[in-house]
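What follows draws every value from the coordinates through simple rules; no lab data is involved. Note that the structure is predicted; figures quoted are calculated from it, not measured. All Cβ positions, glycine included, derive from the backbone under ideal geometry; neighbour counts span all protein chains shown.
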Amino acid sequence: MQDTFEEVFHNLGGEPVGIKLEMEQIYGVLVPGRIIQEVSITRMGNNPSTSVTNKFNQMHDIYF
């Protein structure tokens, strides 16, 4: 992916900045939550009785 983005930047006349990580630095298992969310699902929708959040990920109701 980094190589593809780098090629796109060059083709558009730009120059990528920042650090390009090597495979050894970006592959492998990281601590939970570092690169993905492993658990927890909420249903999105317009109806508060069948979903937790709307399409903007805003809660329909909050109870304390």
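Mind checking the full-extension length gain between ASP3 and GLU15? Use 0.36 nm per residue of separation minus the Cα-Cα distance, one decimal, nm.
That works out to 3.1 nm of additional length.
On a full-extension model of 0.36 nm per residue, what is the gain between ILE41 and LYS55, subtracting their alpha-carbon distance, rounded to one decimal in nm?
3.6 nm
Determine the sum of side-chain charges near ASN46: Lys and Arg each +1, Asp and Glu each -1, restricted to other residues whose C-beta is under 15 angstrom from that of ASN46.
That sum, taken over residues with Cβ under 15 Å, equals +1.
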